[in-house]
1. Whole Å is fine, so just give me how far the alpha carbon centre of the range 171-219 lies from that of the range 33-94.
2. Taking the chain as a Gaussian network, Cα atoms linked when under 10 Å apart, which of Q126, Q160, Q297 shows the biggest mean-square fluctuation?
3. Counting only the backbone N, which residues of the range 190-217 are under 15 Å from the spot 7 Å out from the Cα of T123 toward its beta-carbon?
4. Return the single residue from P87, P227, P107 with maximal mean-square fluctuation; model: Gaussian network over the chain, springs between Cα atoms under 10 Å.
5. More than 21 angstrom separation, counting every C-alpha pair in the range 1-121; what % is that?
6. What angle, in degrees between 0 and 90 and rounded to the nearest 10, separates the Cα long axis of helix 245-256 from the longest principal axis of the Cα atoms of the chain?
7. Hey, in the GNM for the chain with a 10 angstrom Cα cutoff, which one of I258, I299, I215 fluctuates hardest?
8. Which whole-number percent is the relative contact order of the chain (Cα, under 8 Å, 6+ apart)?
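Any read-out appearing in this document is the output of simple, stated calculations on the displayed coordinates, not a laboratory observation. As the structure is a computational prediction, the values presented were derived from the model and not from experiment. Don't worry about glycine lacking a Cβ; one is built from the backbone with ideal geometry, like all the others, and counts go over all protein chains shown.
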Amino acid sequence: MRDETHLDLATARALVRASLAERRPGAPHGLGSLAPVDKPRRAQVFCAARPDERIVVKVYAPAWADKARAQVARQRAVVTALPDAAPEVLFFDESRLVLGMAYADGPSLSALWPHLSEADRATRLQAAGHWLRRLHGTSLEPHPFRPKGQLAWLQKLIMQHEFGGRLIPDVGQFRLEVAALAEQVPEVRGTPSVRAVTHRDLHLSNLMLTPNRLIGLDFENDAPDEPMRDLVALLLDAVAHGGGLEPLSEALGKGYGITGSIGPATLFLQRLFALGVWAATPPAPSLRQRARFVAAQRILSARAPLLPV
């Protein structure tokens, strides 16, 4: 039976070759998988190369057709607003769910990170903060802070644990952290804040350092959200890859600027999104998941906003 949710490498390669033959006629492209391990995935990504061009090609399993369309639409919108911030969409083969994009010539920040000094990491994260501010700036709007839904999300995670839908590590302490966050609600409800269309999957692997600029990858979200979601996600991932919380948060803040929320609301949000990572940590975490959990704990331990307010 055909797997609707995952593509193996051979199936993905055949789909990409058929699409390229139609969309990029001429000499055939060499195809190199950009995945670190050969296993079935929701989407497979290749570098397609021939003497006259290099492009990145992403092919989705059938079950993720809506995600493919969302990425195409959102990435086109980002490129229209910020032509230098994301790869241009070259084509989208709707029938095969194959997306062709301009090639970003450079390493991801995650690949670069282990080879950087602490000072260089701060410089790169400052640049990432500036890139993120530009992205948020295309849709940033004032909005009174509404913590009710955010708190309900954490309480839903606890309910999932209680009914066996997930296993939250040290759930007793997690409940105490959620209860402490709930105590902040009267102080932050209705205070001045902002919303913007966020990335929602921002980490160092989704930022490429080309010779001329920083480029973002994997855009799908087109709904307004808390900008702090992206900021906390990026800071947490940077700390998990290695580096001090204080210098990295200072660098990110320099690049991004003010969060747009008052101090207590910024503190509420940084703790909220750190708790989300805590809840997503499996009982037997990988080394990477463990590093993200430790980074989340470090963010939770901060008693003041880590970013400018």
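1. Between the Cα centres of the range 171-219 and the range 33-94 lies a distance of 24 Å.
2. Q160
3. Correct set: 209-214.
4. P107
5. So the portion of pairs separated by more than 21 Å is 44 percent.
6. 70 degrees
7. Per the Cα network of the chain with a 10 Å cutoff, I258 tops the list.
8. Relative CO of the chain lands at 18 percent.
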